[in-house]
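Contents: one structure, followed by commentary.
The values are calculated or read from the model by the stated rules, or taken from the named source; none is laboratory data. Since the model is a prediction, treat every value here as computed from it, not as a measurement. Using ideal geometry, Cβ is built from the backbone for each residue, glycine included, and neighbour counts are taken over all protein chains shown. To get the accessible areas, we keep the full protein, side chains included, count just its heavy atoms, and leave off ligands, DNA and RNA. Shrake-Rupley method; radii C 1.70, N 1.55, O 1.52, S 1.80 Å.
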Amino acid sequence: MTYQIPNLLFLIFQSARNMFSWLNKTTEVHHECFDTVVEGLKSIYKYKMFPLEQHYLFHEFHSPPLNDADFDAKPLILLVGQYSTGKTTFIKYLLEREFPGMRIGPEPTTDRFIAVMYGEKEGVIPGNALVVDPKKQFRPLSSFGNAFLNRFQCSLVKSPVLKGMSIIDTPGILAGEKQRIDRGYDFTGVLEWFAERVDRIILLFDAHKLDISDEFRRSIEALRGHDDKIRIVLNKADMIDHQQLMRVYGALMWSLGKNLQVLQMPEVVRVYIGTFWDQPLRFDINKQLFEDETQDLFKDLQCLPKNSALRKLNDLIKRARVAKVHAYIISELKREMPNIFGKENKKKELIRDLPVLYQKIQQEHSVSAGDFPDVKKMQEMLNKYDFNKFHSIKPKMLEMVDSMLSIDIAQLMSMVPNETSGDVDSEIRGGIFENVGDNLSPFGYRRGEGINAGFGEIEWIVNKDRATYDNIFDKLSPNGTKISGSTAKDELIKSKLPNTILGKIWKLADIDQDGFLDRDEFALAMHLVNVKLEGGDIPRELPDHLIPPFKKNSNYQS
């Protein structure tokens with residue numbers, strides 16, 4: 001019977017190995033079909049990316065973990081600027097109303113972070129209560145302590161604008177002697193937290209105050225890595241005339257070029273020039289410029305809900321790349337540490353030679369240099385940790401993140417167009433946005449100008465300069481009936497417009513498509529040429545109000 005003992009021991013060992021094998025397994029996640037992009041993001045982050053972050057202490061070094069509220073949140077806009085640059089007034093201008101807790105003045109009036117959000121019941125939620133609300137995305141901000149939470153609040157406003165987005169008003173950044181006052185909390189750290197999660201970062205500058213203080217520069221540095229979200233606004237531009245505005249704009253571009261190098265932005269940044277309040281313009285010579293710039297900015301903001309899912313996808317991809325590099329750094333530090341003697345000296349050596357370690361990881365794993373954290377900041381944080389408690393590399397975790405990036409993200413990307421196409425509710429409505437694309441009132445954007453001139457009027461707008469056009473026509477057509485295409489071409493090319501534009505004008509003006517222009521059609525062609533020369537656009541189809549009155553019948557329309 002003794003020959004059975006080895007077999008019995010083998011069976012016992014095999015059973016024990018099977019019993020505890022789950023300890024060494026990594027959770028397998030099958031690729032599945034998701035109903036929405038947001039639901040897909042929640043799933044792949046929770047099961048594929050979060051385990052890697054947790055295993056390598058990513059949340060302690062970089063960013064707190066994401067929760068469902070981060071993915072469900074409406075688009076966020078972060079306003080940053082020195083005091084008295086018009087941040088709070090900008091919000092009032094967007095909403096076309098005041099909000100709870102609002103204070104406006106030339107001195108630093110906004111002394112706290114205010115999240116302006118939609119609410120059926122208007123009021124203010126203090127910071128300590130706000131960060132425990134599981135339905136809002138602010139829970140990780142509790143790590144900044146009571147000094148910050150006492151300077152943080154949510155203003156609930158029943159505004160249709162806020163159904164599509166939320167706005168973060170920030171304390172005015174100090175300058176001069178004021179910036180030496182300690183705020184009592186990590187101001188730039190809070191900005192960095194918001195920058196990672198918002199859809200737009202608007203840097204506001206005052207036309208009379210272009211200097212960038214040390215605190216403002218540190219704040220700009222906190223926005224590094226999010227330059228695709230940044231928009232620059234030169235506010236209060238109506239307070240200076242056109243000559244001064246030209247000089248101020250040049251000074252601002254010089255200042256931005258000097259100070260935005262920390263953001264690693266080699267391209268020229270887009271600057272929106274305007275005056276965002278509801279008072280009469282002091283200098284109205286640039287009124288048309290302000291309206292054009294305002295329309296461009298507000299159209300950019302209005303599309304945020306439509307692009308929100310794509311932004312969250314993009315941010316998750318950036319986070320995954322950083323998390324992978326962090327895992328390489330932590331595991332490499334663990335591998336280099338001795339088991340018994342000389343731990344402290346080796347730790348100091350590794351921290352000192354961290355740039356060398358970066359280069360080694362970059363070469364071995366083909367990682368982009370832009371995915372590595374700031375060396376100095378990382379060195380400061382590593383001093384607090386015991387490297388022997390770090391974890392070694394786990395290829396399965398990295399493979400799971402790679403799978404997420406190559407398969408799951410690609411699947412979600414293909415779903416984005418289907419979710420946004422034809423969605424009328426995907427644009428921000430209400431407030432000042434009602435004036436974006438206003439086609440009803442005579443005060444809508446570009447109403448009564450360019451191709452829209454004459455809309456709604458009884459008299460045909462072309463008749464305004466008809467005498468001039470008829471005089472030219474009579475010289476070109478001695479019999480006063482029609483002129484040929486070649487004859488019309490000789491006259492129209494005097495405008496020096498490209499042939500492609502003149503070709504469009506001809507097709508619009510030759511309403512009966514007979515290859516000739518009669519008196520009305522020639523006058524229309526000349527009108528369209530002048531519209532283009534004055535900076536207007538030529539439409540694809542001729543607007544109804546530009547059709548010659550005698551041609552508005554079924555014979556000509558068919």
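Has the stretch 338-346 got at least one residue that is touching a helix residue (DSSP H, G or I) at 6+ places or on another chain (Cβ under 6 Å) and either within 25 Å of PRO51 (Cα to Cα) or modelled with pLDDT of 90 or more (or both)? Step through it out loud before you land on a result.
Just the residues of the stretch 338-346 that are touching a helix residue (DSSP H, G or I) at 6+ places or on another chain (Cβ under 6 Å), to begin with: 338.
Now restrict to residues that are either within 25 Å of PRO51 (Cα to Cα) or modelled with pLDDT of 90 or more (or both): none.
For the stretch 338-346, residues touching a helix residue (DSSP H, G or I) at 6+ places or on another chain (Cβ under 6 Å) and either within 25 Å of PRO51 (Cα to Cα) or modelled with pLDDT of 90 or more (or both): absent.
Go through the stretch 199-225 and report how many residues are within 21 Å of ASP371 (Cα to Cα) and more than 9 Å from the chain's Cα centre (by Cα).
Final tally of qualifying residues: 8.
Looking at the stretch 453-479 only, could you name the residues that are open to solvent by 30 Å² or more (accessible area, probe 1.4 Å) and assigned to a loop (DSSP other than H, G, I, E, B)?
Hits for the stretch 453-479 are PHE455, GLY456, GLU457, ILE458, GLU459, PRO478, ASN479.
Against the condition open to solvent by 30 Å² or more (accessible area, probe 1.4 Å) and either in a helix (DSSP H, G or I) or within 30 Å of ASP292 (Cα to Cα) (or both), how does LEU524 come out, does it pass?
Values: open to solvent by 30 Å² or more (accessible area, probe 1.4 Å): no; either in a helix (DSSP H, G or I) or within 30 Å of ASP292 (Cα to Cα) (or both): yes.
Criteria not met by LEU524.
Please determine, by comparing only the residues of the stretch 527-544 that are open to solvent by less than 30 Å² (accessible area, probe 1.4 Å) and in a helix (DSSP H, G or I), which one is farthest from ASP512 (Cα to Cα).
Among those residues, the one meeting the criterion is VAL531.
Per-residue answers, yes or no, for (1) open to solvent by 10 Å² or more (accessible area, probe 1.4 Å); (2) acidic (Asp, Glu); (3) in contact with a Phe, Trp or Tyr (Cβ under 8 Å, 6 or more places away or on another chain):
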position	(1), (2), (3)
PHE216	no, no, no
ARG224	yes, no, no
ASP227	yes, yes, no
TYR249	yes, no, no
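Aliphatic (A, V, I, L, M) and not in a helix (DSSP H, G or I), is that true of ILE501?
No, not satisfied.
Taking the stated definitions as given, is ARG321 under 28 Å from the mean Cα position of the chain (by Cα), within 19 Å of HIS59 (Cβ to Cβ), among the charged types (D, E, K, R) and assigned to a helix (DSSP H, G or I)?
Working: under 28 Å from the mean Cα position of the chain (by Cα): yes; within 19 Å of HIS59 (Cβ to Cβ): yes; among the charged types (D, E, K, R): yes; assigned to a helix (DSSP H, G or I): yes.
Yes.
Select, from ASP514, ASP510, ASP490, ASP537, the only residue that is closer than 16 Å to GLY454 by Cα and among the acidic types (Asp, Glu).
ASP537
Exactly one condition in (1) open to solvent by less than 40 Å² (accessible area, probe 1.4 Å); (2) closer than 21 Å to GLU192 by Cβ; (3) in contact with a helix residue (DSSP H, G or I) (Cβ under 7 Å, 6 or more places away or on another chain); (4) among the hydrophobic types (A, V, I, L, M, F, W, C) is not met by PHE144; state its number.
Of the numbered conditions (1) open to solvent by less than 40 Å² (accessible area, probe 1.4 Å); (2) closer than 21 Å to GLU192 by Cβ; (3) in contact with a helix residue (DSSP H, G or I) (Cβ under 7 Å, 6 or more places away or on another chain); (4) among the hydrophobic types (A, V, I, L, M, F, W, C), the odd one out for PHE144 is (1).
Considering each residue of the stretch 51-78, count those that are open to solvent by 60 Å² or more (accessible area, probe 1.4 Å) and more than 30 Å from ILE202 (Cβ to Cβ), and give that number.
Final tally of qualifying residues: 2.
How about the stretch 354-421: which helices (runs of 4 or more DSSP H) wholly inside it have at least 1 residues that are open to solvent by 30 Å² or more (accessible area, probe 1.4 Å) and more than 28 Å from PRO305 (Cα to Cα)?
Here the list reads 354-365, 375-382, 395-403.
Among ARG311, ARG282, which is basic (Lys, Arg) and more than 30 Å from ASN418 (Cβ to Cβ)?
Working: ARG311 fails: more than 30 Å from ASN418 (Cβ to Cβ).
After applying the criteria, what remains is ARG282.
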